[in-house]
1. Might you check whether a residue that is crowded, with 19+ Cβ neighbours inside 10 Å, within 28 Å of B:Leu135 (Cα to Cα) and away from chain B (no Cβ under 11 Å) occurs anywhere in segment A:59-79?
2. Considering (1) acidic (Asp, Glu); (2) within 14 Å of chain B (Cβ to nearest Cβ); (3) surrounded by 15 or more Cβ atoms within 10 Å (Cβ to Cβ), say which one A:Glu162 fails and leave the rest.
3. Being within 28 Å of B:Arg326 (Cβ to Cβ) and facing chain B (nearest Cβ under 7 Å) narrows it down to one of A:Leu128, A:Leu151, so name that one.
4. Just to be sure I understand, how many residues within segment B:35-84 are hydroxyl-bearing (Ser, Thr, Tyr) and outside any loop (DSSP other than H, G, I, E, B)?
5. Find the residue count for segment B:245-277, including only residues that are away from chain A (no Cβ under 14 Å) and within 27 Å of the chain's Cα centre (by Cα).
6. Just to verify a result, which residue in segment A:88-114, among those that are in contact with a Gly (Cβ under 7 Å, 6 or more places away or on another chain) and within 9 Å of another protein chain (Cβ to nearest Cβ), is nearest to B:Glu147 (Cα to Cα)?
7. Within segment B:304-326, count every residue that is within 14 Å of chain A (Cβ to nearest Cβ) and crowded, with 21+ Cβ neighbours inside 10 Å.
8. Restricting attention to segment B:139-160, which residues are within 8 Å of chain A (Cβ to nearest Cβ) and either surrounded by 23 or more Cβ atoms within 10 Å (Cβ to Cβ) or closer than 15 Å to B:Ile20 by Cβ (or both)?
Amino acid sequence: MPPKTVVLRVRRQAGPHEKAYWEEFEVPYRSQLNVIACLLDIQRNPVNRLGQPTTAPAWDASCLEEVCGACTMIVNGEARQACSALIDELEQPVVLQPLTKFPLVKDLAVDRSKIFEDLKRAKAWIELDGTFPQGPGPRTSPAMQQLRYTLSRCMSCGCCMEVCPQYDTSRSFVGAAVLSQVRLFNLHPTGRTQAEARHEAVSGPGGIADCGNAQNCVRACPKEIPLTESIAALGGEMVIHGLRKFFVRH
Amino acid sequence: MPEKTVIVVGGGLAGLSSTIELCERGVGVKLFSYVPVRRSHSVTAQGGINASIDPRGEGDSPEVHFQETILGGDFLAHQPPARKMCYEAPNIVYLLDRMGVPFNRTPEGNLDFRGFGGTLYHRTAFAGATTGQQLIYALDEQVRRYEAMGLVEKYEYWSFQRLLHDSEGRARGIVGLNMPTMELVAFPADAVVIATGGPGLVFGTKTTNSPVLNTGSAVIRAYEGGARFANPEFVQVHPTAIAGADKRRLISESVRSEGGRMWTWKDGKKWYFFEEMYPAYGNLVPRDIASRVIIDIVVNQGLGAEGEKCVYLDVSHIDAQRLRDRLGGVLEIYEKFMGEDPYHRPMKVYPAVHYSMGGLWVDYNLMTTVPGLYAGGECNFEYHGANRLGANSLLSCFYDGKVAGPHAAEYVQQALAPLSDEAIAEAVRREEEAFEVLFNSSGEENAYLIQDEMGKLMEENVTVVRDNKTLDTTLSRLRDLAARTKAIGLKDKTRRMNQEAIYAREVRDRLRYAELIVVAARARDESRGAHYKPEFPRRDDENWLKVTLADYTPEGPKLSYQPVDISLLKPRERRYDVKDH
């Protein structure tokens, strides 16, 4: 027998400097419910489990198909996308918390702009001459395409950062996702021309050396990106890069 | 920032493409987006992007692509801009390839192409089944490079509220709402590009669109600011989506182009209805036709699979590794959200509202009727006529940036009239006032429930089958709902990231959008593409080969019409049961 209702326990906080508290909600059960549908229900009738009128929790979302990363939060202790968190597969009460490694905006919404700043630092792009016609890009084997596609499915959602003991917005470590993006761009025949600049960007403080090899990242990634393999591969590249620099200098 | 700046509203494919083109010409861009641009709704596009490169010597060409686009659109699109787009498509796919988009490859290492709806050629380049996501990432990366160079300032989690106009009536900036802080701020600029996507939410949450984006709000504010609308009645219903409590999720047309077959039980046998009814195109008939067939089978003939409101989409006969390489992303969506294995069991799908062919009217340079205001992507009406072909939307979004960007860059080089401080202050004040009215209202109406009623009305009465009497009652009920929005009272009166307040104002905009669709649909007494009226079952070129235009008046939309430019291809009957028609 499916349950008649779903109980959600939501961590509320009106702003970064306000006091946090817990509030419980109960919404009618129906098939195909996910966490997002429950949050939409609460918006329509913002009354808590005690029957008191309240405000709806704030949350972040976009695609709801697990391809954008926006609705990432902690669901029953696990960092994941709220859209693909199906109620039928969750224990109740469903406990919702914001990611803890990023500055809080309100309730379940956090500010993940550090990820995008770190992508800027890592020069995670291909240097184009311009958008004018130059013919197709370099030929690529199907195997290389599949590897690059696998790495390129990273949604910058922050799950790997949430579980990383080294990651915190108050510290400079860029995290597994950004290091994996460095590998992605260094694998591209044109991107490779900038490999050295990317190596420089992730060789100092906050770079690859800050990885503590806890390997939580790869287990937390919702897209099963081989993050630890990326970090190892990048580390190998950078040893060669360091040696080359050493011999050029001396 | 450079001396000349353009505001781009919308960080999806069309907005990012416009931004890149502007930066490349030395124009600074202030980029406003409802969500971080890398998370824009374009990420949900799955199947691919069309370009007639003819990699297999099938005889495809940009000219054939153009003709099929016009035929697919039932001859309602102006032909010259659609033709230019199709001729530019190969360059666009090559450019995206140079940007590092991981498009699928042939054994030799060239771009691989697949078939798609409304064509018999292999014309669609693709990156697994998350092509939109991969395109967004490539453009996001290029824009980030320009951001590092100081040419782009991003304003993420900002919502467009209103245009700023100078003394000559030109669009000269915007009033934006910082959604976390609820501050209203004016941003003057030399021109504005609006690229805010479609209005999915007008049809409720049971669409393929997001229930938090695709609000349709920004284009309605532009319309109220003087921009003319075109063809609002043409709304595409996609044939294959899966049910969900928060939205319907698309199962890409590419599933069928990779060999997926649609069927249901009839007289105890598997009935492959598309293959029987349309022997030439089979499962790849265009979307307007496919959706009508499925709904007829399920609703009128009562032949839904397993007695449910769905039919089967079957790939279980295809090699699993091939499916993973080419369709992995979309099959993963089915698996995760339906909890069933699509590799071995047929998927259960049903049509859902998907895309708006109509939008802001633009000239061939993508300028709206407000000088200095450009519109690109799904929010304009430019290429798709009465029905869009699959894999033409990623193309048109990207191409629009290549048109709007260069033209806006040229436009801003002229001397523009000064923008007065009073005009700026007045624009901000009016938005502040609208929020104050809402915050101070003690009304009993709930914005979310009004939205639900509107969505239900529109989904039931204004999608694949339209009837004049029902449209009349729908219009009067929409107007009742609009009147009720005045009595919306907020449960949440806080002044930080107040999602209820933002939503309440957008609901009013959406009702205006719904009214536009219904008024235009009521007037068009024919059937063409996605607009189907059983009372008038044929396309009527004599009376209706014309674009619907709608101008804002406080009493409702004022309709007029514009002839379609058919200078390149003579209209003919649309048939998909035979080849070479």
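1. The answer is yes, given that some residue of segment A:59-79 is crowded, with 19+ Cβ neighbours inside 10 Å, within 28 Å of B:Leu135 (Cα to Cα) and away from chain B (no Cβ under 11 Å).
2. Unmet condition: (2).
3. A:Leu128
4. 3
5. 11
6. The residue in question is A:Arg112.
7. Residues in segment B:304-326 being within 14 Å of chain A (Cβ to nearest Cβ) and crowded, with 21+ Cβ neighbours inside 10 Å: 3 in total.
8. B:Glu141, B:Gln142, B:Arg144, B:Arg145, B:Glu147, B:Ala148 - these are the residues of segment B:139-160 that are within 8 Å of chain A (Cβ to nearest Cβ) and either surrounded by 23 or more Cβ atoms within 10 Å (Cβ to Cβ) or closer than 15 Å to B:Ile20 by Cβ (or both).
The values are calculated or read from the model by the stated rules, or taken from the named source; none is laboratory data. Keep in mind it's a predicted model, so treat the numbers as computed, not measured. Every residue, glycine among them, receives a Cβ derived from its backbone with ideal geometry; neighbour counts consider all protein chains shown.
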